[in-house]
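Asks: One structure coming up, written as structure tokens, with questions to follow.
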Amino acid sequence: MGAPQAIAFLHDTIWHDKIFNGGWISAAGGKHAIIEPATGHTLGSSGKADAADVARAALAARAAQPAWAATDYKARALIFRKAAALLEQHHAELVGWIARETGGIMPKAELELREAAAHLHEAAAMLTQPQGQLLASQQDQLSIARRRPHGVVGVISPFNFPLILSLRSIAPALAVGNAVLHKPDLQTPVSGGVIIARIFEMAGLPPGVLHVLPGGADAGEALCLDPNVAMISFTGSTAIGRRVAELAGKTLKKVALELGGKNSLIILDDADPDIAAANVAWGAYLHQGQICMASGRILLQRGIAAAVTERLLQKAKHLQVGDPMSGSVALGPLINARQVRRIHAIVHDSVAAGATLLAGGSYDQQFYQPTVLADVKPGMRCFEEELFGPVASITVFDSDADAIALASQTDGCLALGVISPSLSRAMHIVNRVPCGHAHVNDQTVLAEAHAPFGGSGSSGNGGRHGGPADWDEFSQWQWLTIKSEAPRYPF
């Protein structure tokens, strides 16, 4: 099955076998076939950047950045608003690409487009926000702390929500005056790269300011090591995040890491079982669990555990799995066969260690059935490891203190959810579990363009994306003093 041929915006003659430097060029690294995970069909072929492509792009971006940073703020803001309008204008074409390439259902693809547009509008809004502070001074001078761009920012994004998780770094980095080198995941080079290149190309972004370089590990390593790149913004696994930080440290780059982790959804015994089960299913199964914020640990207080588990089982057994383009399924495929094998091993190693398989635990091709594991204990793989698959892993606890201890038993937590009508109980728990963001009376899969987003511990290095955090990440402070005339020093 070929790529969508609806007129022009993503027509294959524009981008096939190409990378982007402000125009579309062949890659020294060759080309890469794009495979639809639901069918195994080839959707098209992107360019594949190698280390030489990255080096050339970094030089070009560094040369283009000063003029971009000096561009009038109104002109820059207009580009972001035009880019957002292009996403909306070409919604019908783009939503199909996102669904097919990521394996997500159509509502998930529509969500990506809406939130991507929100990030672009937030970037436009940054340009009229205060960009510094007037400091106290003991002398007859102005003393100012102001924000300045880093120069060239490298962005490395994953396959699961490729449009959002790319634009949330690219848009603010560009807004504050940086040039950007972007390496989307090779599994989703259109959703995470080509779409972004096209909207900025059509919106009038100057050539050389944005480079889109789908590539493998060699391209990523080259990006982290290149001396012309001042910062890396990485979203992905903790293991690769550590490697990114190690490589970037060789040239003292700033690094913003948003990584995986073990997120807990805590259901207290005074919660409504129906509402609780709906939150568990959404947090564990949305986009096949392939979300960094997925509810990886379901912690149920003993008094409500049986009722919630019973309701969750009914949901797991009736959620349809299949090709997302059919429009009649709740879950699509996992991104690749390797991930299927990994999930299956975690589930059945946990069963061998004493967990009880209540539903699922099987697959057909890349379609994994919604799975429920009960009697999960610390030490089991499903308790310790990030799943990134449609598995609800249930651990029963007795006291609120037990819930705090279980949820805190991790090196890194991105998100925490606590469901209870007692806000005092919920806040007591939230205030004692280290996490990047916390939600009372909601599950863990939440993000908004204007809200700071990031993890704690091995889920990140303290960096954040979104809202006021974008200025923190994508610019640096400069101290500026201004005197009416130079002083006469005694030397």
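Asks: Scan (1) of a type in the set (S, T, N, Q); (2) crowded, with 21+ Cβ neighbours inside 10 Å; (3) over 23 Å from THR356 (Cβ atoms); (4) over 19 Å from the mean Cα position of the chain (by Cα) for the single condition GLN290 breaks and write down its number.
Replies: (4)
Asks: How many residues does the stretch 351-389 hold that are touching a Ser or Thr at 6+ places or on another chain (Cβ under 6 Å) and either outside any strand (DSSP E or B) or farther than 22 Å from ILE304 by Cα (or both)?
Replies: So the answer is 8.
Asks: Same structure, new question: Checking the condition open to solvent by less than 10 Å² (accessible area, probe 1.4 Å), of a type in the set (Val, Ile, Thr) and farther than 30 Å from ASP323 by Cβ, which residue from VAL396, VAL372, VAL418, VAL430 passes? Steps first, please.
Replies: Numbers: VAL396 fails: open to solvent by less than 10 Å² (accessible area, probe 1.4 Å); VAL372 fails: farther than 30 Å from ASP323 by Cβ; VAL430 fails: open to solvent by less than 10 Å² (accessible area, probe 1.4 Å).
That would be VAL418, the only listed residue that is open to solvent by less than 10 Å² (accessible area, probe 1.4 Å), of a type in the set (Val, Ile, Thr) and farther than 30 Å from ASP323 by Cβ.
Asks: Continuing with this model, one more query. Hey, can you tell me all the residues within the stretch 299-320 that are open to solvent by less than 70 Å² (accessible area, probe 1.4 Å) and either assigned to a helix (DSSP H, G or I) or more than 29 Å from VAL418 (Cβ to Cβ) (or both)? Give the steps one after another, and end with the answer.
Replies: Step one: of the stretch 299-320, the residues open to solvent by less than 70 Å² (accessible area, probe 1.4 Å) are 299-301, 304-305, 307-309, 312-313, 316, 319.
Passing the criteria: ILE304, ALA305, ALA307, VAL308, THR309, LEU312, LEU313, ALA316.
Asks: Next question. Restricting attention to strands (runs of 3 or more DSSP E) lying wholly within the stretch 217-287, give those where 1 or more residues are surrounded by 22 or more Cβ atoms within 10 Å (Cβ to Cβ) and charged (D, E, K, R).
Replies: Numbers: elements: 231-235, 254-258, 264-267.
It comes to 254-258.
Asks: Under 7 Å between Cβ atoms, at least 6 apart or on separate chains: pull out the pairs that start in the stretch 19-32 with a residue that is closer than 12 Å to PRO207 by Cα and in a strand (DSSP E or B) and end on any residue that is of a type in the set (D, E, K, R) and at pLDDT 95 or above.
Replies: TRP24/LYS18
Asks: I'm told PRO66 meets every condition in (1) part of a loop (DSSP other than H, G, I, E, B); (2) loosely packed, with under 14 Cβ neighbours inside 10 Å except one. Can you identify the failing condition by its number?
Replies: (1)
Asks: Evaluate the following for PRO452: is it within 29 Å of PRO149 (Cβ to Cβ) and open to solvent by 60 Å² or more (accessible area, probe 1.4 Å)? Working first, answer last.
Replies: Details: within 29 Å of PRO149 (Cβ to Cβ): yes; open to solvent by 60 Å² or more (accessible area, probe 1.4 Å): yes.
Here the answer is yes, as PRO452 does meet what is asked.
Asks: Another question, then. Show me the strands (runs of 3 or more DSSP E) entirely contained within the stretch 91-178 in which 2 or more residues are over 30 Å from ALA60 (Cβ atoms) and free of Cβ contacts under 8 Å to residues at least 40 places away in the same chain.
Replies: By residue number, 132-135.
Asks: Another question, if that's okay. Any residue that is modelled with pLDDT of 95 or more, more than 22 Å from GLY249 (Cα to Cα) and of a type in the set (Asp, Glu) - is there at least one of those in the stretch 440-451?
Replies: There is at least one residue in the stretch 440-451 that is modelled with pLDDT of 95 or more, more than 22 Å from GLY249 (Cα to Cα) and of a type in the set (Asp, Glu).
The values are calculated or read from the model by the stated rules, or taken from the named source; none is laboratory data. The shown structure was predicted, so the numbers you read here are calculated from the model rather than taken from an experiment. A quick note on method: Cβ atoms are made from the backbone with ideal geometry, for glycine too, and the neighbour counts reach across all protein chains shown. Accessible surface is based on the protein model in full, side chains and every heavy atom, while ligands, DNA and RNA are left aside. Shrake-Rupley method; radii C 1.70, N 1.55, O 1.52, S 1.80 Å.
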